[in-house]
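What follows is a set of notes on a single structure, which appears directly below.
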């Protein structure tokens, strides 16, 4: 397994980048605790995590795509339409389990098409998933849904509803699910063959292919996995607000997802970063959003602050891991 | 017999080679986006009656102008290898600023426009600084500026939207920009087209434009070549910012609306347009024409989809699918174009040669193999690389070319010492001295060159008249091969093929088409003109002793012809030797009034059969690797001597194939024959029994000089 | 199965009824001096509708009305769906101006977005009807809610629920939609005007969720945690405010934190939520009634074409209906499937 060690660069560099983010998080957290009245309460901290749990789950899906030197911009659209389809089917009287199975199948098919386009047609991932997000949203909206906003009616009180709004020993179920997905993703990436392949591909796709890594099937797997996790995030979202608004497919949410992934130190050039990076990034963004909401900062100003922090993070990243003119990849955007 | 007749005419009439030549043109890159545009028009024109009319398009003109600005900016950035997602937000910012400054503050329009453009340029500068100088990733960085600028616009809207709504001032300039048209074209579109034309000139004619292409094509090479890579990249973002802002200004003029939705998703639309037009993600490939094609296509698609009144979502679906299809085609095209080109470029044609004369040793054949060249002396063994032709001057020094672009001189009398006489470049092939002692050289890949006795190299000709219907540019000289000089000073030289370069000259044998020609350079007016075209690998040329005609060899045709360029028979062409057993190369005069001819390789029955089976050769060229192709034999050859009637009078072989088997040229000088070979590492020197020991080539042309 | 049969039967019946009406109208209806001329004036005319988007209760109800009239009177209805994109909407209107419909119905997403296009359409002689959201120029008719009035009614309700005699904290939060929308432009002004006289009620949070329920949910959750004694939310659209209601439910504060919402009065988003206690007070601008207003206005513009379009703007402000648990009667709301099936 050591053959697939993530990179030739010394490990302390990544630790350093992650430490910077952890330090910023701690400072921001402490700052808010001191200056804001209702910040440092158990319930607020829980709500802090709960509010970003969905973002975090999406971030986990995105992280494994980015580590393999890809990106999945269709993740939000996929989540929105597949879960909306599930709700619509359930509202039409279908057993909830069957509706979930069909919705999941829809999500996975979209992921599969993504993977095929990237792996076999060789369309750049940015593009394939961008266009696929638009196409998938349009197709499902036109063919399956009769409204932008689909309410959760059937099964609204049973176990299904619990997924997004239940609690285990006082901890919101969405937070628990976030934790479980993070743990599973960690095991997948670090202790399974496909997971190691993803790191190898992210580090150097050509070398990975030369050494016999099944690059194309692994890429397909990544996007199918991403779709599946996104579907789960969507279920959490829908069951917590009792509806699914398909228009989030057109929102900036996917940029927020990239934000939590990149800010924790997962480089867009692939092969770098761990699940811990996503957790750190999620925590920082959660803290910021929570604090700013308590301070009643306008949403637009929040976007600016978030973006500036991301900008600082990638500037620091480029200073810590400078790109070399002689070795950087042509056409790496 | 009939089938042979049909095959002959099929290959005479159908120009197979044109497909490959079209694919090798650079403009073919625009053909696919153009085809997509036509397809779009066909599809939506059928679905929407009245779309393909002037009024149908007129509604789109103003928007097209705005879109062209944004797509141009995006394309410039993409050409340098980046991407600019912030264009949509910059567009919105410029729109709002324009309205704010004009409607609310009532500033004069020129100032307003200048400030809006400046603002766009500033955002571009931030992008350019971050991406160019700090080397951040373009996608993520411009995504961040997209969000930040969008948020700033939202905050401005929140604060001023109501006040902006009601103009405090009117301005004739503003009304002019907003409403006026020239021949139905709105101001926005006219300005956009002017800017596009300027951008085209910038990219194709100016140094900074070339730098952008160089950086996009290969950033590393550009950096190593000393180009200011970072500044170049930063500049593209500034230009993109200004162009997006220009689009926003015209949008403000058209709608006078400060909506929060302005320009949302414009980056995706612009990206789609740029890629649909054929600009590659990752840089290096693209043009203004491509950007325009893409912008028009995208606008027709998106507006047609709205006009079709499709159910909610169907528009998104169609747009997504069109985007995917376009990128898929683009990606496959870029990846496979060269593959496709190499598959179809070689286009064999029909050539039926009569059975070759026997060369069997000891037979009565004129070409019978002997071993007379076995004893040749070797000059420069192991020091030479590709001495195709040799020549000797009046002082007996020996000159030859090399694959490295040098003309090497061996010093008489023992030819042990050598020096580089001159460096030209390319691969110097055929050589001749003119009446003033200048060495005239045919250089493969470059043309016809002159080396004066003081070693100064000058170009005589590298292009001739372009033939009317040629697809590839046949005015350029690819493979000038051999030359000779008429008594009046005109230089006749052969170009072996117009379809292949020196490195793959043998592939021309697979085609066996008349790709070669003979060109005449006239030193009096320095003009070049094609004299004979469609020759089967035109090769050696030698002036006949009458001074009115020359002999020339067609290598794949295995024949020698004679052409009269002046005198009573001017313009006549006769075949002198019809059916050689091998492939003729250079021809030179012999001391006894006859002519020496080198056969560079000998014919084989298998390849002769293959020449009559063009389909077989095409399948071979398409399906198997080039190093497994069936090529003519080029390992063994001989030297023959023929007289003016075309009768073979002598034949020299290296029968054992050890000392000097491969011969492309020979030059008689003072009783010796000097032998060259295009892939040899030596020059052979053969003592001709009974030859005139004082005869020299230079002397036979220009008379003995003191 | 049974209900499907029932639906099928009803559809057949409806088709038969329409057919008989049509034959009645065209065959030998006695001319009362008006009806034939009126019907003839509508036949073959072209009406175009550009909503913000199709696929939600308001626009679907209006479109259902227009479709019914189009089938009945034989005018041609074109709906161009820009699906929430202002640019696509502007593009659609630009093209429609070139196609010269007899009436153009628009539903502007923002106050300024279509102002110039409305003027241009009017200049081209096309009468324009603006739906529900005011534009800078409204053309020949405006049919819709008075957003100032709605917000006044909502704020008054909140003052009553949270004011000084209620025993509550008086802390309220405002959930806006899109900031450039008239709902925010006029609504915020109204809220501030009303609260000027009620210093006991104060806004502790004022944010925009862009009409997105999940964004509203996230914001509301944090606002609730930050202000445990919050009294009420003023929401600006029912479809978004369900996110707020869900957040309150999760916090276990249903009934303690009020939601005062507004919307088109669709059964699923209005009355159902009032009945379940998710919303406390709801101001309905009755999209079904607006649909009828629209049908009549379009007919009248087709019958008597204004001599110069856009000179006089007819303002048809929709009567507002306040729905609470106490005033929740059968028929307080309308059902979208029914309107689509049977017309407004």
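The values are calculated or read from the model by the stated rules, or taken from the named source; none is laboratory data. Values in this document were obtained by computation on a predicted structure and should not be read as measured data. Positions of Cβ are backbone-derived with ideal geometry, glycine not excepted, and every protein chain shown enters the neighbour counts.
Among the helices (runs of 4 or more DSSP H) confined wholly to the stretch C:204-323, which include 1 or more residues that are within 25 Å of residue C:85 (Cβ to Cβ)?
On the way: elements: C:213-226, C:238-250, C:271-276, C:287-303.
Answer list for the stretch C:204-323: C:213-226, C:238-250, C:287-303.
I'd like to know if the stretch B:433-449 contains one or more residues that are buried (at least 16 other Cβ atoms within 10 Å of the Cβ), assigned by TED's automatic domain parsing to the domain that holds residue B:550, more than 28 Å from the chain's Cα centre (by Cα) and not in a loop (DSSP other than H, G, I, E, B).
So the first thing to find is which residues in the stretch B:433-449 are buried (at least 16 other Cβ atoms within 10 Å of the Cβ), and the list is B:433-434, B:438-449.
Filter once more, keeping what is assigned by TED's automatic domain parsing to the domain that holds residue B:550: B:433-434, B:438-449.
Cutting the leftovers down to more than 28 Å from the chain's Cα centre (by Cα) gives us B:433-434, B:438-439.
Then keep just the ones that are not in a loop (DSSP other than H, G, I, E, B); that gives B:433, B:439.
Checking the stretch B:433-449: at least one residue is buried (at least 16 other Cβ atoms within 10 Å of the Cβ), assigned by TED's automatic domain parsing to the domain that holds residue B:550, more than 28 Å from the chain's Cα centre (by Cα) and not in a loop (DSSP other than H, G, I, E, B).
Yes/no per residue for (1) out of contact with any strand residue (DSSP E or B) (no Cβ under 7 Å at 6 or more places or on another chain); (2) part of a loop (DSSP other than H, G, I, E, B); (3) without any contact (Cβ under 8 Å) to a residue 40 or more places away in the chain; (4) within 14 Å of chain A (Cβ to nearest Cβ):
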{"position": "B:208", "(1), (2), (3), (4)": "yes, no, yes, no"}
{"position": "B:214", "(1), (2), (3), (4)": "yes, no, yes, yes"}
{"position": "B:230", "(1), (2), (3), (4)": "yes, no, no, yes"}
{"position": "B:235", "(1), (2), (3), (4)": "yes, no, no, no"}
{"position": "B:254", "(1), (2), (3), (4)": "yes, no, no, no"}
{"position": "B:260", "(1), (2), (3), (4)": "yes, yes, no, yes"}
{"position": "B:271", "(1), (2), (3), (4)": "yes, no, no, yes"}
{"position": "B:293", "(1), (2), (3), (4)": "yes, no, no, no"}
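What do you reckon, is residue B:171 in contact (Cβ under 8 Å) with a residue 24 or more places away in the chain and more than 14 Å from chain A (Cβ to nearest Cβ)?
yes
Would you mind stating whether residue A:178 is more than 30 Å from residue A:94 (Cα to Cα) and either within 14 Å of chain B (Cβ to nearest Cβ) or surrounded by 20 or more Cβ atoms within 10 Å (Cβ to Cβ) (or both)?
Against the criterion (more than 30 Å from residue A:94 (Cα to Cα) and either within 14 Å of chain B (Cβ to nearest Cβ) or surrounded by 20 or more Cβ atoms within 10 Å (Cβ to Cβ) (or both)), residue A:178 does not qualify.
Would you mind finding the one in B:538, B:452, B:512 that is within 25 Å of residue B:590 (Cα to Cα) and in the same structural domain as residue B:561 (by TED's automatic domain parsing)?
Just one listed residue meets the conditions, B:538.
Applying the selection to the stretch C:218-236, what residues are surrounded by fewer than 24 Cβ atoms within 10 Å (Cβ to Cβ) and more than 10 Å from every other protein chain (Cβ to nearest Cβ)?
Hits for the stretch C:218-236 are C:229, C:231.
What number goes with the only condition from (1) more than 25 Å from residue A:133 (Cβ to Cβ); (2) facing another protein chain (nearest Cβ under 7 Å) that residue A:280 does not pass?
(2)
Being within 14 Å of chain A (Cβ to nearest Cβ), surrounded by fewer than 14 Cβ atoms within 10 Å (Cβ to Cβ) and farther than 26 Å from residue B:110 by Cα is the requirement here; does residue B:221 meet it?
Yes, satisfied.
Please go through (1) closer than 22 Å to residue B:333 by Cβ; (2) without any contact (Cβ under 8 Å) to a residue 12 or more places away in the chain; (3) more than 10 Å from chain B (Cβ to nearest Cβ) for residue A:121 and return the number of the only condition it doesn't satisfy.
Only one criterion is unmet by residue A:121, namely (3).
Being at the interface with another protein chain (Cβ under 10 Å from one of its Cβ atoms) and assigned to a helix (DSSP H, G or I) narrows it down to one of A:128, A:90, A:65, A:97, so name that one. Steps first, answer last, please.
Working: A:90 fails: at the interface with another protein chain (Cβ under 10 Å from one of its Cβ atoms); A:65 fails: at the interface with another protein chain (Cβ under 10 Å from one of its Cβ atoms); A:97 fails: at the interface with another protein chain (Cβ under 10 Å from one of its Cβ atoms).
Answer to the selection: A:128.
For the stretch C:271-287, which residues satisfy the criterion of being closer than 19 Å to residue A:151 by Cα, touching a residue at least 40 places away in the same chain (Cβ under 8 Å) and touching a helix residue (DSSP H, G or I) at 6+ places or on another chain (Cβ under 6 Å)?
C:279, C:282
Which one of the conditions (1) away from every other protein chain (no Cβ under 14 Å); (2) under 22 Å from the mean Cα position of the chain (by Cα); (3) free of Cβ contacts under 8 Å to residues at least 60 places away in the same chain does residue B:200 fail to meet, given that it meets all the rest?
The failed condition is (3).
Tell me yes or no: at least one residue of the stretch C:90-103 is away from every other protein chain (no Cβ under 12 Å), touching a helix residue (DSSP H, G or I) at 6+ places or on another chain (Cβ under 8 Å) and within 20 Å of residue C:306 (Cβ to Cβ).
yes
Is it the case that residue C:172 is within 13 Å of another protein chain (Cβ to nearest Cβ), out of contact with any strand residue (DSSP E or B) (no Cβ under 6 Å at 6 or more places or on another chain) and more than 22 Å from residue C:291 (Cα to Cα)?
Criteria not met by residue C:172.
Which of (1) within 14 Å of chain B (Cβ to nearest Cβ); (2) in contact with a helix residue (DSSP H, G or I) (Cβ under 8 Å, 6 or more places away or on another chain); (3) crowded, with 20+ Cβ neighbours inside 10 Å is the odd one out, the single condition residue C:129 does not satisfy?
(1)
Can you tell me which residue in the stretch B:305-328 is farthest from the other protein chains (Cβ to nearest Cβ), limited to those that are within 19 Å of residue C:86 (Cβ to Cβ) and part of a helix (DSSP H, G or I)?
The qualifying residue farthest from the other protein chains (Cβ to nearest Cβ) is B:305.
Can you go through A:152, A:225 and tell me which one is modelled with pLDDT of 95 or more and either exposed (fewer than 14 other Cβ atoms within 10 Å of the Cβ) or in contact with a helix residue (DSSP H, G or I) (Cβ under 7 Å, 6 or more places away or on another chain) (or both)?
Matching residue, one of A:152, A:225: A:225.
State all residues of the stretch A:45-58 that are surrounded by fewer than 24 Cβ atoms within 10 Å (Cβ to Cβ) and within 8 Å of chain C (Cβ to nearest Cβ); if no residue qualifies, say none.
Across the stretch A:45-58, there are no qualifying residues.
Checking the structure you have, find out if any residue of the stretch B:73-84 is surrounded by 22 or more Cβ atoms within 10 Å (Cβ to Cβ), closer than 30 Å to residue A:261 by Cα and either within 14 Å of chain C (Cβ to nearest Cβ) or more than 37 Å from the chain's Cα centre (by Cα) (or both).
Within the stretch B:73-84 (the criterion being surrounded by 22 or more Cβ atoms within 10 Å (Cβ to Cβ), closer than 30 Å to residue A:261 by Cα and either within 14 Å of chain C (Cβ to nearest Cβ) or more than 37 Å from the chain's Cα centre (by Cα) (or both)), the answer is no, since none of the residues qualifies.
Are there any pairs with C-beta distances below 7 angstrom linking a residue in the stretch A:236-264 that is on the phi > 0 side of the Ramachandran plot and touching a residue at least 40 places away in the same chain (Cβ under 8 Å) to a residue that is assigned to a helix (DSSP H, G or I) and surrounded by 24 or more Cβ atoms within 10 Å (Cβ to Cβ), with the two at least 6 apart or on different chains, and if so which?
A:242/C:242; A:242/C:246
Filter the stretch B:356-382 down to the residues that are part of a loop (DSSP other than H, G, I, E, B), within 16 Å of residue B:683 (Cα to Cα) and out of contact with any strand residue (DSSP E or B) (no Cβ under 7 Å at 6 or more places or on another chain) and list them by number.
Selection gives B:381, B:382.
May I ask you to verify whether residue A:17 is facing another protein chain (nearest Cβ under 9 Å), in contact with a helix residue (DSSP H, G or I) (Cβ under 7 Å, 6 or more places away or on another chain), on the phi < 0 side of the Ramachandran plot and modelled with pLDDT under 85? First the steps, then the outcome.
Working: facing another protein chain (nearest Cβ under 9 Å): no; in contact with a helix residue (DSSP H, G or I) (Cβ under 7 Å, 6 or more places away or on another chain): yes; on the phi < 0 side of the Ramachandran plot: yes; modelled with pLDDT under 85: yes.
For residue A:17, the condition - facing another protein chain (nearest Cβ under 9 Å), in contact with a helix residue (DSSP H, G or I) (Cβ under 7 Å, 6 or more places away or on another chain), on the phi < 0 side of the Ramachandran plot and modelled with pLDDT under 85 - is not met.
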